[in-house]
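The values are calculated or read from the model by the stated rules, or taken from the named source; none is laboratory data. All figures in this text were calculated on a predicted structure; none of them were measured in a lab. FYI the Cβ positions are ideal-geometry reconstructions off the backbone, even for glycines, and counts take in every protein chain you see. Accessible surface areas use protein heavy atoms only, side chains included; no ligands, DNA or RNA. Shrake-Rupley method; radii C 1.70, N 1.55, O 1.52, S 1.80 Å.
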Amino acid sequence: MDFRQLEYFRAVVEAGSVSQAAKDLNMTQPPVSHAVAKLERELGVRLLERTAKGVHPTQAGLYLLSRGGRLVADRDRVTETLRLMGEGAVGDLHIGVEPMVINELIADVLAEVLEQAPGAHVSLSDVTPDVIVEGVRSGRFDMGCVPFGPKQFAGFVAESCERYPIMKIDVKLAVPRHRAKEHRPDGKGWGRWILPRRLEAFSGMPDLAEKSLKDDASFEVLEVSTPQTAVAFVAAGLGVAPVTRRIGEKRDSVVLLEPPHWLTSMQATLIWRRGAEMTPLMERWLGATEDVAARRRAG
């Protein structure tokens with residue numbers, strides 16, 4: 001039994017005759033008659049009562065009309081869902097994102113994707129970069145976004161993950177307001193730096209700070225997991241920290257200064273597992289990320 005046979009059978013019942021059903025279907029009569037007869041043979045039961053006044057469904061035919069209608073409706077729903085999946089308009093997408101990148105980029109990307117594809121279900125996990133890499137490599141995340149450029153990737157990350165650099169994120173130096181007038185262009189003399197913890201998967205700010213401030217006797221490090229935590233500690237007067245403007249400007253007790261020359265911009269990079277399927281919804285997410293980044297650069 002196939003869907004075409006079901007559609008022809010329904011057309012015959014609704015028309016009351018094979019000849020009228022063929023006209024309604026813009027067909028000749030023999031193919032319609034053949035399809036219904038073949039359906040009866042395959043099912044081993046008579047579906048139509050043929051009389052001089054036309055045809056009527058038997059009890060088995062009525063049952064098939066009820067159940068077959070649901071099958072056809074299910075087929076149509078499945079077909080439509082698959083079409084929308086092919087357009088990246090529906091489906092599930094699991095993204096791992098570092099919190100700072102959410103503030104600078106991903107929140108706007110999510111808004112754009114959901115506007116384009118309201119039927120999509122996007123699950124965002126705000127986690128640290130090492131957790132993102134583990135999630136992408138294991139398949140728990142379809143994609144991830146980290147604040148590191150490809151040159152900062154450890155070998156095992158570069159080998160297992162595809163990467164697509166999206167945009168640079170400017171860094172400011174957050175200092176307590178009472179220290180805002182201090183001028184330290186080389187970064188030395190600030191004392192305690194509040195920095196993200198060192199990661200096996202990426203080289204970053206801890207490495208830069210340690211290399212650049214190795215001759216600074218006042219230099220010490222307080223490790224944190226997220227930039228938001230760093231800003232809170234700066235506000236409490238515990239030290240200085242590299243942050244983005246969007247995160248740092250939310251605190252009245254924190255002032256944002258230009259960073260020392262060695263503290264360069266971060267690079268937001270989209271990653272996904274090498275060899276994994278790039279689904280249409282993943283492609284939509286990538287396209288939306290590119291669009292948002294382009295508008296940021298233009299603005």
Looking across the range 175-221 at residues that are out of contact with any strand residue (DSSP E or B) (no Cβ under 9 Å at 6 or more places or on another chain) and small (Gly, Ala, Ser), the single one that is nearest to Val157 (Cα to Cα) is Ser212
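If you go through the range 74-88 one residue at a time, do you hit one that is over 30 Å from Ala288 (Cα atoms) and of a type outside the set (S, T, N, Q)?
Yes, because at least one residue in the range 74-88 is over 30 Å from Ala288 (Cα atoms) and of a type outside the set (S, T, N, Q).
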Kindly establish whether Gly96 is closer than 30 Å to Leu208 by Cα and crowded, with 22+ Cβ neighbours inside 10 Å. yes
From the residues in the range 195-220 that are small (Gly, Ala, Ser) and either under 30 Å from Arg163 (Cβ atoms) or in contact with a Leu (Cβ under 7 Å, 6 or more places away or on another chain) (or both), which one is surrounded by the fewest Cβ atoms within 10 Å (Cβ to Cβ)? Ser203
Looking at the range 137-159, which of its residues are touching a residue at least 40 places away in the same chain (Cβ under 8 Å), surrounded by fewer than 16 Cβ atoms within 10 Å (Cβ to Cβ) and part of a helix (DSSP H, G or I)? Pro150, Phe156, Glu159
Has the range 164-178 got at least one residue that is of a type in the set (Lys, Arg), in a strand (DSSP E or B) and farther than 16 Å from Pro99 by Cα? yes
Identify, by number, the condition in (1) open to solvent by 40 Å² or more (accessible area, probe 1.4 Å); (2) in contact (Cβ under 8 Å) with a residue 40 or more places away in the chain that Val243 doesn't meet. (1)
Hey, Glu223 hits all of (1) open to solvent by 50 Å² or more (accessible area, probe 1.4 Å); (2) more than 30 Å from Ser138 (Cα to Cα) but one; which does it fall short on? (2)
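Looking only at residues in the range 47-77 that are assigned to a strand (DSSP E or B) and at pLDDT below 85, which one is least open to solvent (accessible area, probe 1.4 Å)?
Initially, the range 47-77 is screened for residues assigned to a strand (DSSP E or B), giving 48-51, 54-57.
The next check asks that each one be at pLDDT below 85; those that pass are 50-51, 54.
Values: Arg50: 128, Thr51: 66, Gly54: 13 Å².
Result: Gly54.
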Of these, Ala235, Ala298, Ala288, which one is within 33 Å of the chain's Cα centre (by Cα) and modelled with pLDDT of 90 or more? Ala288
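Just give me the residues in the range 14-28 being polar (S, T, N, Q) and touching a strand residue (DSSP E or B) at 6+ places or on another chain (Cβ under 9 Å), in sequence order. Before the answer, list the steps.
Going through the range 14-28, the residues polar (S, T, N, Q) turn out to be 17, 19-20, 26, 28.
Those that are polar (S, T, N, Q) and touching a strand residue (DSSP E or B) at 6+ places or on another chain (Cβ under 9 Å): Ser17, Gln20.
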Considering residues that are assigned to a helix (DSSP H, G or I), at pLDDT 85 or above and farther than 14 Å from Leu64 by Cα, the number found within the range 5-40 is 16
Reported set for the range 171-194 where residues are over 40 Å from the mean Cα position of the chain (by Cα) and either loosely packed, with under 12 Cβ neighbours inside 10 Å or farther than 11 Å from Leu213 by Cβ (or both) is His178, Arg179, Lys181, Glu182, His183
Scan of the range 28-46 for residues that are open to solvent by 70 Å² or more (accessible area, probe 1.4 Å), touching a helix residue (DSSP H, G or I) at 6+ places or on another chain (Cβ under 9 Å) and over 14 Å from Glu7 (Cα atoms), ordered by number: Thr28, Gln29, Pro30, Glu42, Leu43, Arg46
So Asp252 passes all but one of these: (1) closer than 25 Å to Ala107 by Cβ; (2) among the acidic types (Asp, Glu); (3) in a loop (DSSP other than H, G, I, E, B); (4) under 27 Å from the mean Cα position of the chain (by Cα). Which condition number does it fail? (4)
Which listed residue is open to solvent by 40 Å² or more (accessible area, probe 1.4 Å) and modelled with pLDDT of 90 or more, from Glu87, Glu134: Glu134
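For Leu263, indicate whether it is open to solvent by 30 Å² or more (accessible area, probe 1.4 Å) and modelled with pLDDT of 90 or more. So that I can check it myself, show each step before the final result.
Values: open to solvent by 30 Å² or more (accessible area, probe 1.4 Å): no; modelled with pLDDT of 90 or more: yes.
So Leu263 does not fit the description; no.
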